[in-house]
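See below for the structure under consideration.
The values are calculated or read from the model by the stated rules, or taken from the named source; none is laboratory data. Values in this document were obtained by computation on a predicted structure and should not be read as measured data. Cβ placement follows ideal geometry from the backbone for every residue including glycine, while neighbour counts extend to all protein chains displayed.
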2 protein chains.
Amino acid sequence: MPTNDNSVNIQNSAERYHHGDLRSALVEEGLKRLESGPAEALSLREVARNVGVSATAVYRHFPDKAALLRALTEVGGERIAEYFKAAMAKERTGKDAFNAMGRAYVRFALANPALFRLMMSPAVRGGATGEPDSQGMQMLVGALNDLSGGKMSSEEKYIRRLQSWSVVHGLAMLMLDGLVPHDDKLIDQVLESRIV
Amino acid sequence: MPTNDNSVNIQNSAERYHHGDLRSALVEEGLKRLESGPAEALSLREVARNVGVSATAVYRHFPDKAALLRALTEVGGERIAEYFKAAMAKERTGKDAFNAMGRAYVRFALANPALFRLMMSPAVRGGATGEPDSQGMQMLVGALNDLSGGKMSSEEKYIRRLQSWSVVHGLAMLMLDGLVPHDDKLIDQVLESRIV
DNA sequence: TTGGCATGTTATCAGCGTAAACATAGTCGG
DNA sequence: CCGACTATGTTTACGCTGATAACATGCCAA
């Protein structure tokens, strides 16, 4: 028998008084619910119910609903970073890399609508102004900086960065909100030709 | 005494059983509440309370909460159209006109955050895909079409239109979500230099 | 072994959207 | 002028929600 088995003992967790790893289970269930509806339609009670635990058990792991949602956005940050990594792995040059990142950004948004919205929502990000410091955002900013040529002032770079982020973010939101049809080819076309 | 006085008889409407023009009052109060918080934080009961009417009176004028919100977006459509008209009145050439419209778009969003979000939210627009057919959107589309030169195919025009809308919409959302500081000069800079 | 602490539960509260039944009053045909 | 119809209000009630307080359980360390 191994001495360092730190995995949680499962054995039909539904019947045990203590769940074992309730926090993770709540996060996982929360993510699952975000796949079938917006964050506003996510109720703590439903999450608890689906995990098989009382409604108020959630409060042993999260001070309130916003805290659970914040935990979900952290997972979202990790996931979009994976999208970016995969996109960057193929394209290496500045322009191609940024285009790949842009596609990844929009596709992530379309693949995870509720989660993406949640990640961007100010209520859950604490209302603090400034770019999120997640790994994914840092990658995006890096790609944007690589993209802009060396002869620009730092202010010019900043404006370029904002322009690029705006196109990508705007396209993602417009598609998410059903104002523009979801169409992979369209994403490429909008992000490709670089004159606006 | 005039014979054709079709104005509502006011006289201390709080004490009369019938309100007189409850529907308008509800819409007005709804708009006021949107000035101090997001649409998700707007409750029918609170609106009714502030208007001085019972909670369920709302249902004589709107089948459900979404219907009231939809009425608010209609007012929003009229208001953004006014922004656009004012912007277009000054600048007439294609490029300047579009820049002016873009500034108006972003400024409207920043001046009416909750209302703007509501107007874009798919839940309230019935979930139908396609551009909203409000007067404001038609003006925006018109300006975008004017902007693109005559030598483009209609598909190219469409892509250009999407790109322009994406920058403007993206910048608005990023500022609204607190990811980019609210700064009038920044708006001009991002919308001005046309190479992305 | 035992006592404390982390982690569950039950009971309860106020607020929400909404439906059903009832009340009031303005309008229109006789 | 009067009575019924209809539009528009109210009261009551239901089930859902987020959240707090008090109580129960069981793991772990002294």
Checklist entry - Condition test on A:A41, is it within 14 Å of DNA strand C (Cβ to nearest atom) and within 14 Å of chain B (Cβ to nearest Cβ)? => result yes
Checklist entry - Taking A:A123 and the conditions (1) among the small types (G, A, S); (2) within 14 Å of the chain's Cα centre (by Cα); (3) surrounded by fewer than 23 Cβ atoms within 10 Å (Cβ to Cβ), which numbered condition does it fall short on, given that it satisfies the others? => result (2)
Checklist entry - Taking the stated definitions as given, is A:T93 of a type in the set (S, T, N, Q), more than 14 Å from chain B (Cβ to nearest Cβ) and out of contact with any Ser or Thr (no Cβ under 6 Å at 6 or more places or on another chain)? => result yes
Checklist entry - Given (1) out of contact with any helix residue (DSSP H, G or I) (no Cβ under 9 Å at 6 or more places or on another chain); (2) under 17 Å from B:P132 (Cα atoms), where does B:R92 come up short, assuming only one miss? => result (2)
Checklist outcome for this item: Of A:A114, A:A109, the only residue that is within 14 Å of chain B (Cβ to nearest Cβ), out of contact with any Phe, Trp or Tyr (no Cβ under 7 Å at 6 or more places or on another chain) and away from DNA strand C (no atom under 16 Å from the Cβ) is A:A114
Checklist entry - How many residues are within 9 Å of the chain's Cα centre (by Cα) and either surrounded by fewer than 23 Cβ atoms within 10 Å (Cβ to Cβ) or farther than 15 Å from A:D177 by Cβ (or both) if we restrict to the range A:90-112? => result 2
Next on the checklist: Can you tell me how many residues within the range B:46-64 are closer than 12 Å to B:G30 by Cα and not hydrophobic (A, V, I, L, M, F, W, C)?
Outcome noted: 3
Checklist entry - Looking at A:A143, A:A114, A:A97, which is the one that is touching a residue at least 60 places away in the same chain (Cβ under 8 Å) and outside the structural domain of A:S24 (by TED's automatic domain parsing)? => result A:A114
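Matching residues to (1) at the interface with another protein chain (Cβ under 7 Å from one of its Cβ atoms); (2) under 22 Å from A:V141 (Cβ atoms); (3) in contact with a strand residue (DSSP E or B) (Cβ under 7 Å, 6 or more places away or on another chain):
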| site | (1), (2), (3) |
| --- | --- |
| A:Y158 | no, yes, no |
| A:L162 | yes, yes, no |
| A:S166 | yes, yes, no |
| A:A172 | no, yes, no |
| A:L179 | yes, no, no |
| A:D184 | no, no, no |
| A:D188 | no, no, no |
| A:E192 | no, yes, no |
Checklist entry - Restricted to the range A:40-60, and to residues that are surrounded by fewer than 16 Cβ atoms within 10 Å (Cβ to Cβ) and more than 7 Å from DNA strand D (Cβ to nearest atom), which residue is farthest from B:L42 (Cα to Cα)? => result A:G52
Checklist entry - Just to be sure, is A:G76 at positive phi and either surrounded by 14 or more Cβ atoms within 10 Å (Cβ to Cβ) or within 16 Å of DNA strand C (Cβ to nearest atom) (or both)? => result no
Checklist entry - exposed (fewer than 15 other Cβ atoms within 10 Å of the Cβ) and in a helix (DSSP H, G or I), is that true of A:K157? => result no
